[in-house]
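The values are calculated or read from the model by the stated rules, or taken from the named source; none is laboratory data. Computed from a prediction, not measured in an experiment: that's the story for all the values here. Counting neighbours? That spans all protein chains shown, and the Cβs are built from the backbone with ideal geometry, glycine included. We work out accessible area using only protein heavy atoms, side chains counted, and drop any ligands, DNA or RNA first. Shrake-Rupley method; radii C 1.70, N 1.55, O 1.52, S 1.80 Å.
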There are 2 protein chains.
Amino acid sequence: MSSLESDKAMSPKLTVELLRQLRLAMKNCKYFSEPIQAYIIPSGDAHQSEYIAPCDCRREFICGFNGSAGTAIVTEQHAAMWTDGRYFLQASQQMDNNWTLMKMGLKETPSQEDWLISVLPENSKVGVDPWIIAADQWKNMSKALAGAGHSLVAVQDNLIDAVWLDRPQRPSTQLMTLGLERTGMSWQDKITALRAKMRERKINWFVATALDEIAWLFNLRGSDIEYNPVFFAYSVVGMKTIRLFVDLKRLEDPAVRQHLQLDAPSRPELSIQASPYEAVHTELQAVCAALGPKDKVWICDKAGCALTQVIPKTHRSQISYTPLCLAKAVKNATEIQGMKTAHIKDAVALCELFAWLEKEIPKGTVTEISSADKAEDFRSQQKDFVGLSFPSISSVGPNGAIIHYRPLPETNRTLSLNEVYLLDSGAQYKDGTTDVTRTVHFGTPSAYEKECFTYVLKGHIAVSAAIFPNGTKGHLLDSFARAALWEAGLDYLHGTGHGVGCFLNVHEGPCGISYKTFADEPLEAGMIVSDEPGYYEDGSFGIRIENVVLVVPSKPKYNYMNRGSLTFEPLTLVPMQVKMMNTDMLTQKERDWVNDYHRQCMETVGAELRRQGRKEALDWLIRETQPIA
Amino acid sequence: MSSLESDKAMSPKLTVELLRQLRLAMKNCKYFSEPIQAYIIPSGDAHQSEYIAPCDCRREFICGFNGSAGTAIVTEQHAAMWTDGRYFLQASQQMDNNWTLMKMGLKETPSQEDWLISVLPENSKVGVDPWIIAADQWKNMSKALAGAGHSLVAVQDNLIDAVWLDRPQRPSTQLMTLGLERTGMSWQDKITALRAKMRERKINWFVATALDEIAWLFNLRGSDIEYNPVFFAYSVVGMKTIRLFVDLKRLEDPAVRQHLQLDAPSRPELSIQASPYEAVHTELQAVCAALGPKDKVWICDKAGCALTQVIPKTHRSQISYTPLCLAKAVKNATEIQGMKTAHIKDAVALCELFAWLEKEIPKGTVTEISSADKAEDFRSQQKDFVGLSFPSISSVGPNGAIIHYRPLPETNRTLSLNEVYLLDSGAQYKDGTTDVTRTVHFGTPSAYEKECFTYVLKGHIAVSAAIFPNGTKGHLLDSFARAALWEAGLDYLHGTGHGVGCFLNVHEGPCGISYKTFADEPLEAGMIVSDEPGYYEDGSFGIRIENVVLVVPSKPKYNYMNRGSLTFEPLTLVPMQVKMMNTDMLTQKERDWVNDYHRQCMETVGAELRRQGRKEALDWLIRETQPIA
């Protein structure tokens, strides 16, 4: 994704002039009654999106660092940027010496609050764009600053935009309507279900700010943000009102008008009032001005501060996960079928890729970039392909040990018969979203590489085959993925799984599998998560085995307290390379799991390869799914 | 423990007159400027102890319910008591119909805050004893009430005490001094280490309120609270000052005076200023009045509200776990040796008990109560025995399914050859604290009982044998204990382990093994926890297998990022009944673990039984530790 992870060479951005202009803006009383002594530039957009559009890459613009996580703070004297361990090297290469890199996670690195307090003169004002900072972050920062005699102030005009002369336009791509055959539930029924949840909790209004929730609610997709089929919008839903805030030009499309019943709503309470994207603030003010004394408005605690503060405190009900986030996470039968179809097509493309790689690698012409491009090419031949679901991590040998690696021309390594190859990639199809990682060797892996691969495989299987009670939170399964690695003294420093959207964001809440005990919601049948343990040996190789798996009911021997049990069903159906396994290290149960999984790959993907007449890939699949003894 | 779990028959306490008097007190302006409309009576004492002394059983006094957890609230019209699922039956039997039982955990049960808001007239005042309510609870309750127009007020005189005419005296038992041979570290060195931590965090004063922390700090023990070798005290430690608040009569003992160097302190900064227990409030006020503008005072966020609020907010630094709690959890070499010795003696007593039970049960004369008494009798014959560490859970057949069962005359069941027997018991010795559960059958267990026992055993072994990285939190190991049960559709509804003190409380923070992701601290070598998975079949039987285990370094094949690895070493050395195992269900690794464990029991406890000349128990041990094939 060019805006976030640019392909350009890593020379630092020159920021002297930019910082001078920003500091002028910080004193310019056009923007506020009194000058501010510091300005915070967070990473995100007004919807707290994980991936952002070029027009929202303000932190990159001001400091040059284009990683996915980082916060810049500029004072009259200093400029500092906080990021985490994944990005220390990249940030130090992309920022010039006007900037101090603040390495998060190191003991000696101060928090943003502590640093501000240490450098600011007394009674300082610290500015931030209230649209971009999340309500919970505002609260923490504001409290910390107030405790030291400073104050956090909302600066309505974004000061970066003020100095960013060639800032790109906010995208307004064509909207795609999804019918019942794709969504399984009309937007009208989703509205009705939302209102039922609101009634149950005595809530009168709900403010939707997350782009994937709005896309899901209205059964619409866009392409405003690369890899994420979403569009810029807000929605405010009351018991009799539906307000949609979006660039009105997008609603001129007859298909969209008809889909949303803009011209002839079936029932008055299902009539959508469309307003410009920018009107959300004033319109929400109007809604709040008309609230009854006991009326309550729901908004996510991670929503932007500006919108959150429009709702008077006594009427505000902040929640960690919105009812849309929870409903979206549990896929219905149509969505599950769509996800299955998408994963079969995705497997076809990967079988083709691996068969092709086997042929081409010996010629020495395949690189990390060309392999990723070829994978995209094969995927794009599949029906209803829309695009990739994230930038492919295509990494050879030592590059595989960089967990968030993305090949750049200057790091691009050639695939060979001597090194481990890790490919973590996925796509958006109109019927579903995929995300799969396979780690393979095209020559002869070393005993140590096989040993490590097998620990990771044991972890993958331990999660995938786990049976657990209904209501179990995903974080309770994380250690299953690590037990075999831990026994050998090894580990990996990332979570084991994330929620996956259905033709939506490849990362979504509210469930996941991680040692970090964030407030994940219990797993339930119909949820879809990834299972992706790994092992990374700095300077040598990286291993990750990732399937997307569906939570399904399980029927073990007993049923304690009638709670019911759950397990996982793999949606990803791409063989795991037996050559990388030390099968002596596997238990009989694990061997059975591998054989059973490969039988499913062969049956399901083999049939599709046959149907599509892709002979070479079929031969490859047949060979790669031979049972192990 | 008679005050908490009385042996008296379960007839409800008559509370009409008591409630009338309490309500009079709630209007009596002797206690406050304006009458209060509700009064909260929490369970605990001013030190937030888990077990409490008879004089602190105020909630039991007012409502009759004597379980370990519950909060009573009395308004002008209503009286309600909140407790959890363990106690629904007991509470309903012990309370008369002036009380409403509030069943916590049920959807329809309101929280205390919500209930108060629903029943109180506008602008009500809700009173509570600020010494007993913890600071964090005060904060939550106060906020909720304020949001509804009410206020929480601190009532300095406890209103229960005002109507409790025959309230017992606060105990003031003789203090026991522990020398270096027991503690491994002088109290002077502990003070110095505490001050180093304070200096590191720029803290000027530390307020100790937890009784076990104070006992540990000063290497003193008492017997003010049954099962817990602690004494009522507070301590306030500054960089040059040590203040101890305790009944001054206890310091007249020459041994204690010498131990604390009261008459001839070695260095001025190690001189202890003793003051009466009750003086802590005014003395802390004096300390706070003399604070410099940047001075900070450390206090646990679970300390009583009254003492916490003495410290002005700008000087207050509240922490989840105090440095004493953290230091106490990591046992030194002397404490570890003491714990090992205590566990060997404890195993001797249990070997004797089980040998004796085998002989006696066929006669039909052994009951749950007499078996527990016999266990205590055998333990008391061991050197340095002080008392039990908690009330024995001695349960036969269906009683075993009641997790917090304690035999009462009216529930007392006879041990037989036909039912499973679960004994969870432990003792305080001057060198250490024990806690062990064994589940046995004296006839022939059913295939189902064996199956369930074996799942629990697999879970016990999975935790005990787990290897995990340094820095792992205990809650990440909880699922290991459940995996085998989950696979069969079974589970247990309690945590897997708790921290264990060294001749201190049998339950202590800050580490544990639980699916509840409380803020546990990472495990480190020297910590001691229990490993106690179980399975409970209502109306039939209960199974639990509990060892106390020591966290020790482990040396697996690799050492990822030089983090080092840990595992557990069982301190408990009592055979697990092979008769209860379905050994076909065990893997070879698990069988090896059982045989290895039994070999250790035989070697270590066998030698001690020989030394003590306890022949029958030795024969029993030899038979019970025969290797399985």
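Odds and ends about this structure:
- Single condition A:PRO407 does not satisfy, out of (1) outside any loop (DSSP other than H, G, I, E, B); (2) more than 14 Å from chain B (Cβ to nearest Cβ): (1)
- Residues of the stretch A:189-210 classified as open to solvent by less than 50 Å² (accessible area, probe 1.4 Å), among the charged types (D, E, K, R) and within 14 Å of A:ILE319 (Cα to Cα), total: 0
- Meets criteria (more than 18 Å from the chain's Cα centre (by Cα), farther than 30 Å from A:PRO553 by Cβ, within 14 Å of chain A (Cβ to nearest Cβ) and surrounded by fewer than 20 Cβ atoms within 10 Å (Cβ to Cβ)) for B:PRO469: no
- Search result, residues across the stretch B:586-629 that are of a type in the set (A, V, I, L, M) and closer than 16 Å to B:THR439 by Cβ: B:VAL594
- Subset of the stretch A:348-381 [over 23 Å from A:ARG406 (Cβ atoms) and either of a type in the set (A, V, I, L, M) or in contact with a Phe, Trp or Tyr (Cβ under 9 Å, 6 or more places away or on another chain) (or both)]: A:VAL348, A:CYS351, A:ALA355, A:GLU358, A:PRO362
- The residues of the stretch A:420-435 that are over 14 Å from the mean Cα position of the chain (by Cα) and not charged (D, E, K, R), listed by number, are A:VAL420, A:TYR421, A:LEU422, A:LEU423, A:TYR429, A:GLY432.
- The set of residues in the stretch B:267-317 being hydroxyl-bearing (Ser, Thr, Tyr), in contact (Cβ under 8 Å) with a residue 40 or more places away in the chain and in contact with a helix residue (DSSP H, G or I) (Cβ under 7 Å, 6 or more places away or on another chain) consists of B:THR308 alone.
- Taking the criterion of being part of a loop (DSSP other than H, G, I, E, B) and either under 25 Å from A:GLY534 (Cβ atoms) or touching a helix residue (DSSP H, G or I) at 6+ places or on another chain (Cβ under 8 Å) (or both), the residues of the stretch A:582-629 that qualify are A:ASN582, A:LEU586, A:THR587, A:ARG614, A:THR625, A:GLN626, A:PRO627, A:ILE628, A:ALA629.
- No other residue among A:MET576, A:MET585, A:MET580 is hydrophobic (A, V, I, L, M, F, W, C), surrounded by fewer than 20 Cβ atoms within 10 Å (Cβ to Cβ), modelled with pLDDT of 95 or more and closer than 25 Å to A:GLU449 by Cβ apart from A:MET585.
- Unmet requirement for A:THR411, which otherwise passes all of (1) open to solvent by 10 Å² or more (accessible area, probe 1.4 Å); (2) under 30 Å from A:ARG563 (Cα atoms): (2)
- Check on A:HIS498, more than 14 Å from chain B (Cβ to nearest Cβ), within 30 Å of A:GLU368 (Cα to Cα) and either open to solvent by less than 30 Å² (accessible area, probe 1.4 Å) or of a type in the set (Ser, Thr, Tyr) (or both): no
- Selection count, the stretch A:542-581, where residues are assigned to a helix (DSSP H, G or I), within 14 Å of chain B (Cβ to nearest Cβ) and hydrophobic (A, V, I, L, M, F, W, C): 1
- Residue match in the stretch A:452-465 (condition: within 14 Å of chain B (Cβ to nearest Cβ), modelled with pLDDT under 95 and either surrounded by fewer than 23 Cβ atoms within 10 Å (Cβ to Cβ) or over 28 Å from A:PHE218 (Cα atoms) (or both)): no
- Across the stretch A:27-52, the number of residues qualifying as surrounded by 22 or more Cβ atoms within 10 Å (Cβ to Cβ) and under 12 Å from A:VAL155 (Cα atoms) comes to 5.
- Meets criteria (in contact with a helix residue (DSSP H, G or I) (Cβ under 7 Å, 6 or more places away or on another chain) and modelled with pLDDT of 95 or more) for A:ASN418: no
- Which listed residue is assigned to a helix (DSSP H, G or I), in contact with a strand residue (DSSP E or B) (Cβ under 6 Å, 6 or more places away or on another chain) and surrounded by 16 or more Cβ atoms within 10 Å (Cβ to Cβ), from A:THR308, A:THR341: A:THR308
- Counting only strands (runs of 3 or more DSSP E) that sit completely within the stretch A:228-297, those holding 1 or more residues that are open to solvent by 40 Å² or more (accessible area, probe 1.4 Å) and out of contact with any Pro (no Cβ under 9 Å at 6 or more places or on another chain) correspond to A:272-275.
- Of all residues in the stretch B:351-377, those that are more than 22 Å from B:GLN428 (Cα to Cα) and of a type outside the set (A, V, I, L, M) have Cβ atoms under 6 Å from Cβ atoms of residues that are in a loop (DSSP other than H, G, I, E, B) and modelled with pLDDT of 95 or more, 6 or more apart or on another chain, in B:GLU360/B:VAL366; B:THR367/B:ASN412.
- Residue check, A:LEU504 outside any helix (DSSP H, G or I), touching a helix residue (DSSP H, G or I) at 6+ places or on another chain (Cβ under 9 Å), under 27 Å from A:SER389 (Cβ atoms) and more than 8 Å from chain B (Cβ to nearest Cβ): yes
- Unmet criterion (only one of (1) modelled with pLDDT under 95; (2) in contact with a Leu (Cβ under 9 Å, 6 or more places away or on another chain)) for A:ASP96: (1)
- Considering residues of the stretch B:516-536 that are out of contact with any strand residue (DSSP E or B) (no Cβ under 6 Å at 6 or more places or on another chain) and open to solvent by 50 Å² or more (accessible area, probe 1.4 Å) only, the residue nearest to the other protein chains (Cβ to nearest Cβ): B:THR517
- The sole residue among B:ALA355, B:ALA327 that is open to solvent by 20 Å² or more (accessible area, probe 1.4 Å), modelled with pLDDT of 95 or more and of a type in the set (A, V, I, L, M, F, W, C) is B:ALA327.
- Pairing residues of the stretch A:165-185 that are over 25 Å from A:THR334 (Cβ atoms) with residues that are surrounded by fewer than 17 Cβ atoms within 10 Å (Cβ to Cβ) and of a type in the set (Asp, Glu), at Cβ distances under 8 Å and at least 6 apart in sequence or on separate chains, gives A:ARG167/A:ASP161.
- Odd one out for A:THR439 among (1) of a type outside the set (A, V, I, L, M, F, W, C); (2) assigned to a loop (DSSP other than H, G, I, E, B); (3) more than 14 Å from every other protein chain (Cβ to nearest Cβ): (2)
- Qualifying positions in the stretch B:474-489 - open to solvent by 10 Å² or more (accessible area, probe 1.4 Å) and more than 8 Å from chain A (Cβ to nearest Cβ): B:ALA484
- Within the stretch A:141-188, being open to solvent by less than 50 Å² (accessible area, probe 1.4 Å), over 30 Å from A:CYS63 (Cα atoms) and of a type outside the set (Val, Ile, Thr) holds for A:LEU175, A:LEU178, A:GLY179, A:GLY184, A:SER186, A:TRP187, A:GLN188.
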